[in-house]
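For reference, the structure discussed in these notes is given below.
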Amino acid sequence: MKLAILGGGGFRVPLVYEAVLNDPNPQRVTHVSLYDRDPARLEAIGHVLRGMAQGFDGAAVIDVTDDLDTALAGADFVFSAVRVGGLAGRTVDERVALDLGLLGQETTGPGGLSFGLRTVPVAVRIAERVAAVCPRAWVINFTNPAGMITEAMQQVLGERVIGICDSPIGLGRRAARALGHDPDTTSLDYVGLNHLGWLQALGHEGRNVLPDLIADPGLLSGIEEGRLFGAEWIQSLGAIPNEYLYYYYFTRDAVSAIRGDAQTRGEFLLSQQTAFYDAVARDPGSAVGRWRQVRAERDETYMKESRTDDESRDAADVAGGGYEGVALDIMAAIRHDRPKQMILNVRNGSAVPGLPPDAVVEVLCEVDAKGPRPVGAPPLAGAQLGLVQQVKAVERLAIQAARTHSASLAVHALALHPLVDSVTTARVLFQGYCGRIPTLAAVFDRPEPGGSGL
C-alpha cells in the first residue's frame, strides 16, 4: 500500500511515519513517498524518517521527490499537508491582524482567511492531479484551514476527500477521563465546523454522561476546556466547546495575551524550525533526536495564550497521539473494511440542518470500505447555529474568491467574518496581506471579471 505525503518536508510528517512504523497490521503501508518543493526541508525530514526506520523489520520504503505526479503515481492514500507561503506567511497572517487590534491566529479569523485564500488554488491543482494520476486514491487533508480546504478539494474529487483534526477527539477523550471512563468505550456527539464545534453528548453504557461533567465545576477544572472557558460559561452553553472557540468567546482576552508576548506562535515556530532544519543539515545523524526535542517544545507551547503562565498542557493529551492516529484509523477502516466511528470533516448532506448539503462540516462519522458517512447528531440551534452559518458563508465566499481570483469577493469574505469589525478594516487587511505575502498577491494579480471595486 502506497502513501503519498504532500508537504513531505513539513515538521510534523515524522508523526505520520512513526504511526506507520508502529502499525501492527500485516497489510500496513509499505511505501511512503514524500513530495515537497523545498529540497532542504525534504532532505532533513528524509533523514528523520530513515533514522526512525532503523531497527524496524519491513519498515515502509521511503522516497523523496519534488515532482507531484511522481509522488502520486500508484498512491492508495494521499495525505495533503502543504503550507503555502511557509511559516513566514503565517507570521504575516498573525501580525497584520494584530497590528489592527484583531485576532492574529493561523486558522481562526482574518489570518485563517488569508491562509485559505492563498491555499485554495494550490489545493485545487493538487486535487486535479489526483484525479488525473491516481483517481481511486482517498485524500486525507491535514492542510489548514482544514474545513475550507477540504471543501475546495471536494469540488474536484467529491467525497473522496476527508478532512481531519485531532482537536475534537482530544476533547472527547479528556471529557471521558474526567468522569473516570475509558475513552475507547465512550461515544461522542460532536457537531460544528473545523475549529468551531461543540461536544453535545458523551455516551457510556447507554446513558449520556456529559451532563454529569458539566454540572460539576470540580471535574470541569480537571480538563483544559474547563479551565479555559470556566464552569459557569460551559454550564450556560450546556455543551463543551472546542478549544478554538476561545477565540470567539474571549476575543479581547486572546488578542491581549498574544500581543503581550514577544513573539507570535508563528514567529516562535519559524525561529524554532529554522534552527532545526539548519542543525540537521549540519549533522544528519542527529536528526531523530533533534526532532523529538523540538517536537516536545512545540507541543508544550501549543495555544499557550489560553493558559496561565504556570499551567502546562494535559500530559495525557500530549501523549495520546493526534491526527496521525486519526489518519491511520481512516486508512484501516477504508482499506480493510473495519468500521469505526470518528469525528471528521465531510460533506454535510443532511447532518447539520441549516447548512448547504455540499458544505463541509465536522461531525461524527461511520467509516468503512465505502468511506465516511455522517452519523446523526443533536441539531445546532440559536447562537451556535448562527455562528456556524456565518463562518461557513465566509468560508464559501473565500473559496469562490480564490477560485475566481476576485479581490472584491475576498474583501467581502473578510468583512463578513465575525472577528473583523468593519468593511474598511477588511480592505486594510486584504491590502496588508497582499502587500506582504507574494503567494497571496499572485492569486489576485490578474484582471477580475466585471472589474474590481474594492
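Just a few scattered comments:
- Taken about its Cα centre, the chain carries a charge dipole of about 940 debye when Lys and Arg each add +1 at the Cβ and Asp and Glu each add -1 at the Cβ.
- 5 angstrom amide H check on residue 380, placed H, neighbours 5+ away: none
- Positive-end ranking of 51, 101, 137 along the dipole of the stretch 51-190, with charges on Cβ about the Cα centre, is headed by 101.
- Top positive-direction residue, dipole computed over the stretch 1-87 with Cβ charges, set 75, 35, 15: 15
- FRET E, pair residue 136, residue 283, Förster distance 30 Å, beta-carbon r, rounded to 0.05: 0.15
- For the chain, the residue among 354, 326, 410 whose Cα projects farthest onto the positive side of the dipole built from Cβ charges is 410.
- Exposed GluC sites (Glu not before Pro) absent: longest stretch of the chain, with sites in DSSP loops and at most 13 other Cβ within 10 Å deemed exposed: 1-204
- Along the stretch 329-337 the Karplus relation, 6.51 cos²θ - 1.76 cosθ + 1.60 evaluated at θ = phi - 60°, assigns HN-Hα couplings of 5, 4, 4, 5, 5, 7, 5, 10, 6 Hz to successive residues, with x for each Gly and Pro.
- The label-point distance for residue 249 and residue 390, in a model that sets each label 7 Å from Cα toward Cβ, rounds to 1.6 nm.
- Amide H partners (placed H, <5 Å) of residue 201, local residues excluded: 189
- Rounded, prolate or oblate (a/c below 1.5 giving rounded, otherwise prolate when a/b exceeds b/c) for the stretch 168-249 by Cα gyration tensor: oblate
- Dipole size of the stretch 355-426 about its Cα centre, with +1 on Lys/Arg Cβ and -1 on Asp/Glu Cβ: approximately 160 debye, rounded to the nearest 20.
- Amide H to amide H distances under 5 Å link residue 405 with no residue, where only residues 5 or more positions off or on other chains count and H is placed in the peptide plane.
- Rg ratio (alpha-carbon, reference 2.2 N^0.38 Å) - the stretch 85-224: 1.31
- The stretch 390-444: proportion of alpha-carbon pairs further apart than 12 angstrom, %: 61 percent
- The calculated FRET efficiency for residue 236 paired with residue 185, based on their beta-carbon distance and R0 = 25 Å, is about 0.25.
- Mean separation of Cα pairs under 8 Å and 6 or more residues apart, divided by the residue count, gives the chain a relative contact order of 17 percent.
- Dipole magnitude (debye, nearest 20) for the stretch 168-249, charges at Cβ of Lys, Arg, Asp, Glu: 80 debye
- Expected 222 nm ellipticity per residue - DSSP helices of 4 or more, -39500 (n - 2.57), all of the chain, to 500: -15500 deg cm²/dmol
- For the stretch 390-444, the relative contact order works out to 30 percent when only alpha carbon pairs closer than 8 Å and six or more residues apart are counted.
- Shown here for the stretch 320-377: trypsin sites (Lys or Arg not before Pro) in loop regions (DSSP other than H, G, I, E, B) with at most 16 other Cβ atoms within 10 Å, namely 370.
- Looking at the chain alone, DSSP beta bridges between its own residues are antiparallel in about 55 percent of cases.
- Each residue of the stretch 172-181 was assigned a 3J(HN,Hα) from its phi angle through the Karplus expression (A = 6.51, B = -1.76, C = 1.60, θ = phi - 60°), giving x, 5, 5, 4, 5, 4, 4, 8, x, 9 Hz with x at Gly and Pro.
- In order along the stretch 145-159, the Karplus-derived 3J(HN,Hα) couplings, from 6.51 cos²θ - 1.76 cosθ + 1.60 at θ = phi - 60°, round to x, 4, x, 5, 5, 4, 5, 5, 5, 5, 5, 9, 9, x, 7 Hz, and Gly and Pro are given as x.
Bear in mind these aren't lab numbers, they're just calculated from the coordinates by the rules spelled out. Quick caveat, the model's predicted, so the values are computed rather than measured. Positions of Cβ are generated from backbone atoms using ideal geometry, with glycine treated the same way; all protein chains shown enter the neighbour counts.
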